[in-house]
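**Student:** Structure incoming, see below.
The values are calculated or read from the model by the stated rules, or taken from the named source; none is laboratory data. This one's a predicted model, so the numbers in the text were calculated from it and none came from an experiment. Ideal geometry is used to build each Cβ from the backbone, glycine not excepted, and the neighbour counts take in all protein chains shown.
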Amino acid sequence: MTLFDLVIRSMRKNIKHYYLYFFALIFSVVLYFVFATLQHDPAVVKQSGGTMGTAFKVAGILLLFIAGTFVVYANAIFLKRRSREIGLYQLIGLTKGAVARLLILENTLLSAGAMAIGIGAGMIVSRLFLLLLMKLVGFDGFIELTFSKTAVLQTILVFIAIILLTSLQMLVAVRRTTLLGLFNAEKQGEHPKKPKAVRSAFLAILGIGLIAFGYWLSGRMMNALLFINMLVVLATTITGTYLLFRVTISWLFYQVRKRKQGHLGLNGSLSIATLMHRMKGNANSLTIITVLSAMTLAMLAGSYSLYYSTGKETRSIYPHDFMFGGYGDAQEEKETKQFTDELDRQGISYLYTPIEVLNLDGRFFEEETITSWLSEMFSANIVSEKQLQQAGIDIEIPDARTAYFYDASVYWLMKTTEVPFSVKLTNPKNELDVSITKVKEGNILNPPFAGTQLVVDDAFYQEIKEQFINQEETHRVGTFFSVMILNKDQQAEASEIYHDFTKENDRLNFDYYGQYESTMQYTGLLIFIAGFLGLVFLISTGSILYFKQMTEADQEKRSYATLRQLGFTVQDIMRGIVRKQVFVFGVPLVIGLLHSIFAIKAASFLFMSDITLPASIAMAIYVLIYLVFALLTVGYYRKTVKAAL
Amino acid sequence: MEQNTVLHAQNVRKSFGARGNVQEVLRGIDLRVLEGEFVGIMGPSGAGKTTLLNVLATIDRTTEGSILIGDADISKMKDRELSAFRRDKLGFIFQDYNLLDTLTVKENILLPVSLGKMHKRVAEDHFKSIADILGIKELANKYPHEISGGQKQRTSAARALINKPSLVFADEPTGALDSKSASSLLGTLEDVNKQRGVTIMMVTHDPVASSYCSRVVFLKDGKIYSELYRGDKTRQAFFQEILKVQGVLGGDSVDTL
């Protein structure tokens, strides 16, 4: 029998162990291939230009990293599972070199098969993903997917590298081990030990304490030490999580167990006892999985919220569809007329409103109330509420002689400022204290004119105007021309006219719809990449937990046989196992969710809108995927227990 | 004195293999075990010792024949009923102990009563008295990897006795023990059998082990070949008798495993 025959035989025999690894490999190939295809797809390249390309490249490296780690990890688990077989080969006289060759040949065949199937499947599903991506970025033309040789080549190269890596891993594994060690590898796993009372109690509580402190600090990061705070939060939560898995859980279990005084019962024997037994070995991987899944979730929820609220946020920054204008005796009125004439010609109905704005110097003088990040002086645009109403903007009217503060660019800093506070309006001759009663979200004028806007009622506006504006100060009075499109379906058309128009006049574009579209594109891509990576990551970690549980189930087979001989039914045993699985999947899940909730909360200043819904959706998907894996492992356990007797 | 029958097997047959390649391992065994007996089952390899034990212990099913344990006909029971029956009425001692590594000695011993309706205090009393007899009281909080083979087997025996079974099955209980631990364990089993009246059925290949029994049944090729009663003989004399039968039975092909 040649080595090749042996390989084929052993693969056939091991197929039930392999198929999961095989699927995991195929899965990695498919996803990577899809990614590579999209990266090189002409439609994507054309639609996106430079930014998308970079984003794809960075994401591609991340994906590669995840897939590589996953494959190496899975391979390590499978090597351990097969240690007895490897030992047997050596026992019957194969040299270590021959065993390594056997394994590497097997691995290469398997990977090559997975690569072929993966690329084939990838070609089919990549179209689906392309459609999804295009839909997300708001492109609705005809999409043709072209076969990308570069993508195929790139995938093959990457996976050849991974094969080399896993082969090296096998070589090292075979070289390092002794025959005796190989036979016992499956039985390894530390013996249960009684924790040292004081030290464990201290570390257990320290773990919880560190996490709590990290959570607490994460809500108070916004000060001059922001960067250091972030590092501290990361360090404490990660260390805390590790201690939690390594010490706290075992310690808690030990307390419960001690209290039972030997009357642990079947459920406890199958859950608490085995979990305690394995916690030490699993602490590393559980910590990594928990922390990374928290990051993934935060990233996913964040990008989803950006995407989800694009319309709302763009609208809050660009309250007018189009705006022209300037200070002093600018000529924008004529320009606006050209534009509106064009709209008339195209039969687009609109609302045209001139808005008068006073530009004064403002100063925060209650310094302790204003965050130290803002400069003391600012340029204040005073707007009357009445004109804004006329322009069709739904606005809350401030009380007499008070103002509302609008400035989208600093809203995230200002929103926690206590109101009312006062600002001083000045020009060389006059000054006036104005009480700000509310800091409002977004702008009330379009950029680039916006700056800091103070909305006052009409009477107060006239009063300020009279006080500050005289003959020399006319350059401080500006007029802006708001154009609102009445029929939402014509917005795209109007935006196109506007873009042609600004091109002709050599001006920059600042319209709502154009901004909305490009933001959609950007956030659509972001959510696509985040979702894609998140999915890959989730499925990888889920599979790793699954593989680990499979190995555990096989190792516990003898215990199940004993239990069944003692007269416990499969159902009795499964009850205990389900408890354990709830724990194995539930704890990383719950702690990951908790971490991500606090991470999202801490980062929520970046998002203007409420992100509860998108975060909940991302978390629900996360829970669902974990649930599927948990059910799969329970199924595997059931099979093992049934076959045990 | 009239003794109750604990186990009554009639014409028990067991075949393995699919059609065309059927191997009959048990070829019609009739066996009656009375309350308080300590029955040893001996025979060369392939005689069907372990198969018989599995079938009697409800772990495996017969192909033919009926088995009564107490009043219950176990050959007609469903799997779920069999499980409950095993848990409530039978005790098991295995060659390689089959203790759960993750549990302490005490937790292992209390495992069989964990699903039953036994009150915790009652279970605790049982545990104390049994641990006392088997001399493993001090080991209660140790894990299996911390104790010796003999101690492990005592733990296993204690686990078999905790639910006051009507019948204890022991499959080569001394197979993995050194001779000193083996004789000490057998002595204890004999004590348990005599003092507590526990019925024990033990499969063994070791004539020394079976000399502790009150009766030894010899199997050959799936049938009962002969039986020996110890009666009032000394253990030494009984041992010599067993050796004689074994010599006739298997020649030099005595089971070595």
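**Student:** A:Arg575 passes all but one of (1) away from every other protein chain (no Cβ under 14 Å); (2) of a type in the set (D, E, K, R); (3) within 30 Å of A:Val291 (Cα to Cα); which number fails?
**Tutor:** Of the numbered conditions (1) away from every other protein chain (no Cβ under 14 Å); (2) of a type in the set (D, E, K, R); (3) within 30 Å of A:Val291 (Cα to Cα), the odd one out for A:Arg575 is (1).
**Student:** I would also like to ask the following. Being part of a helix (DSSP H, G or I) and in contact with a Ser or Thr (Cβ under 7 Å, 6 or more places away or on another chain) is true for just one of A:Ala561, A:Ala530, A:Ala603. Which residue is that? Spell out the reasoning first.
**Tutor:** Working: A:Ala561 fails: in contact with a Ser or Thr (Cβ under 7 Å, 6 or more places away or on another chain); A:Ala603 fails: in contact with a Ser or Thr (Cβ under 7 Å, 6 or more places away or on another chain).
After applying the criteria, what remains is A:Ala530.
**Student:** Test each condition in (1) crowded, with 17+ Cβ neighbours inside 10 Å; (2) of a type outside the set (Val, Ile, Thr); (3) more than 13 Å from chain B (Cβ to nearest Cβ) for A:Ser250 and report the one that comes out false.
**Tutor:** Unmet condition: (3).
**Student:** While we're on this one: If I ask for residues that are more than 30 Å from the chain's Cα centre (by Cα) and more than 14 Å from chain B (Cβ to nearest Cβ), which ones from region A:529-552 would you list? Working first, answer last.
**Tutor:** To start, the set of residues in region A:529-552 that are more than 30 Å from the chain's Cα centre (by Cα) comprises A:551-552.
Of everything in region A:529-552, just one residue is more than 30 Å from the chain's Cα centre (by Cα) and more than 14 Å from chain B (Cβ to nearest Cβ), namely A:Thr551.
**Student:** Which fully enclosed strands (runs of 3 or more DSSP E) of region A:420-491 have 2 or more residues being farther than 21 Å from A:Glu333 by Cβ and either in the same structural domain as A:Glu332 (by TED's automatic domain parsing) or hydroxyl-bearing (Ser, Thr, Tyr) (or both)? Before you say what the answer is, go through the steps one by one.
**Tutor:** Details: elements: A:421-426, A:431-440, A:452-456, A:477-485.
Qualifying strands (runs of 3 or more DSSP E): A:421-426, A:431-440, A:452-456.
**Student:** Could you check B:Ile69 against (1) out of contact with any helix residue (DSSP H, G or I) (no Cβ under 7 Å at 6 or more places or on another chain); (2) away from chain A (no Cβ under 11 Å) and say which number it fails?
**Tutor:** Every listed condition holds for B:Ile69 apart from (1).
**Student:** Any residue in region A:260-284 that's within 7 Å of chain B (Cβ to nearest Cβ) and on the phi < 0 side of the Ramachandran plot: show its pairings with residues that are part of a helix (DSSP H, G or I) and of a type in the set (Val, Ile, Thr) at Cβ separation under 8 Å, as long as the two are six or more apart or on different chains.
**Tutor:** Partner pairs satisfying both residue conditions: A:Leu264/A:Ile272; A:Leu266/A:Ile573.
**Student:** Given the criterion in contact with a Phe, Trp or Tyr (Cβ under 6 Å, 6 or more places away or on another chain) and small (Gly, Ala, Ser), identify the matching residue among B:Gly43, B:Gly36, B:Gly28.
**Tutor:** Details: B:Gly36 fails: in contact with a Phe, Trp or Tyr (Cβ under 6 Å, 6 or more places away or on another chain); B:Gly28 fails: in contact with a Phe, Trp or Tyr (Cβ under 6 Å, 6 or more places away or on another chain).
Unique residue meeting the criteria: B:Gly43.
Results for (1) at pLDDT 80 or above; (2) over 22 Å from A:Tyr512 (Cβ atoms); (3) part of a loop (DSSP other than H, G, I, E, B), shown as yes or no for each residue.
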residue: A:Val291; (1), (2), (3): yes, yes, no
residue: A:Ala294; (1), (2), (3): yes, yes, no
residue: A:Lys312; (1), (2), (3): yes, no, no
residue: A:Arg315; (1), (2), (3): yes, no, no
residue: A:Thr336; (1), (2), (3): yes, no, no
residue: A:Gly347; (1), (2), (3): yes, no, yes
residue: A:Val357; (1), (2), (3): yes, no, no
residue: A:Ser372; (1), (2), (3): no, yes, yes
residue: A:Ala380; (1), (2), (3): yes, yes, no
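**Student:** Within region B:1-22, can you find the residues that are aliphatic (A, V, I, L, M), loosely packed, with under 10 Cβ neighbours inside 10 Å and within 21 Å of B:Gly65 (Cα to Cα)?
**Tutor:** To start, the set of residues in region B:1-22 that are aliphatic (A, V, I, L, M) comprises B:1, B:6-7, B:9, B:12, B:18, B:22.
Pick out the ones that are also loosely packed, with under 10 Cβ neighbours inside 10 Å and you get B:1, B:18.
Answer for region B:1-22, where residues must be aliphatic (A, V, I, L, M), loosely packed, with under 10 Cβ neighbours inside 10 Å and within 21 Å of B:Gly65 (Cα to Cα): just B:Ala18.
**Student:** Identify, from the list A:Leu133, A:Leu165, the residue that is at pLDDT below 85, in the same structural domain as A:Leu38 (by TED's automatic domain parsing), part of a helix (DSSP H, G or I) and touching a Gly at 6+ places or on another chain (Cβ under 9 Å).
**Tutor:** On the way: A:Leu165 fails: at pLDDT below 85.
Exactly one of A:Leu133, A:Leu165 is at pLDDT below 85, in the same structural domain as A:Leu38 (by TED's automatic domain parsing), part of a helix (DSSP H, G or I) and touching a Gly at 6+ places or on another chain (Cβ under 9 Å), namely A:Leu133.
**Student:** So, one more: Would you confirm, using the coordinates I've provided, whether B:Gly150 is outside any strand (DSSP E or B), on the phi > 0 side of the Ramachandran plot and more than 15 Å from the chain's Cα centre (by Cα)? So that I can check it myself, show each step before the final result.
**Tutor:** Values: outside any strand (DSSP E or B): yes; on the phi > 0 side of the Ramachandran plot: no; more than 15 Å from the chain's Cα centre (by Cα): yes.
No: the conditions fail for B:Gly150.
Table: residues versus (1) of a type in the set (Asp, Glu); (2) more than 7 Å from every other protein chain (Cβ to nearest Cβ); (3) surrounded by fewer than 22 Cβ atoms within 10 Å (Cβ to Cβ); (4) not in a helix (DSSP H, G or I).
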{"residue": "B:Arg86", "(1), (2), (3), (4)": "no, no, no, no"}
{"residue": "B:Leu110", "(1), (2), (3), (4)": "no, no, no, no"}
{"residue": "B:Asp125", "(1), (2), (3), (4)": "yes, yes, yes, no"}
{"residue": "B:His145", "(1), (2), (3), (4)": "no, no, yes, no"}
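**Student:** Could you tell me which numbered condition B:Arg154 fails, if it satisfies all but one of (1) at the interface with chain A (Cβ under 9 Å from one of its Cβ atoms); (2) crowded, with 21+ Cβ neighbours inside 10 Å; (3) not aliphatic (A, V, I, L, M)?
**Tutor:** (1) is the only condition that B:Arg154 fails.
**Student:** OK, next. For the subset of region A:1-31 comprising residues that are of a type in the set (Val, Ile, Thr) and in contact (Cβ under 8 Å) with a residue 40 or more places away in the chain, which member is nearest to A:Phe159 (Cα to Cα)? Spell out how you get there, then give the answer.
**Tutor:** Going through region A:1-31, the residues of a type in the set (Val, Ile, Thr) turn out to be A:2, A:7-8, A:15, A:26, A:29-30.
From what's left, in contact (Cβ under 8 Å) with a residue 40 or more places away in the chain: A:7, A:26, A:29-30.
Values: A:Val7: 21, A:Ile26: 11, A:Val29: 8, A:Val30: 11 Å.
Among them, the one singled out is A:Val29.
**Student:** A further question follows. Let me spell it out: the conditions are (1) without any contact (Cβ under 8 Å) to a residue 12 or more places away in the chain; (2) within 14 Å of another protein chain (Cβ to nearest Cβ); (3) of a type outside the set (A, V, I, L, M), and A:Gln565 meets all of them except one. Which number is the exception?
**Tutor:** (1)
**Student:** Against the condition on the phi > 0 side of the Ramachandran plot, within 14 Å of chain A (Cβ to nearest Cβ) and buried (at least 16 other Cβ atoms within 10 Å of the Cβ), how does B:Thr50 come out, does it pass?
**Tutor:** On the way: on the phi > 0 side of the Ramachandran plot: no; within 14 Å of chain A (Cβ to nearest Cβ): yes; buried (at least 16 other Cβ atoms within 10 Å of the Cβ): yes.
For B:Thr50, the condition - on the phi > 0 side of the Ramachandran plot, within 14 Å of chain A (Cβ to nearest Cβ) and buried (at least 16 other Cβ atoms within 10 Å of the Cβ) - is not met.
**Student:** Continuing with this model, one more query. Does A:Gln521 fit the bill of being modelled with pLDDT of 85 or more and buried (at least 19 other Cβ atoms within 10 Å of the Cβ)? Please lay out each step first, then the result.
**Tutor:** Working: modelled with pLDDT of 85 or more: no; buried (at least 19 other Cβ atoms within 10 Å of the Cβ): yes.
Taking the combined requirement at face value, the residue does not satisfy it.
**Student:** Additional query: List, please: which pairs have Cβ atoms under 6 Å, are six or more places apart or on different chains, and start with a residue in region A:285-312 that is crowded, with 24+ Cβ neighbours inside 10 Å and end with one that is modelled with pLDDT under 80 and not in a helix (DSSP H, G or I)?
**Tutor:** These pairs meet every condition: A:Ser305/A:Phe607; A:Ser305/A:Ile611.
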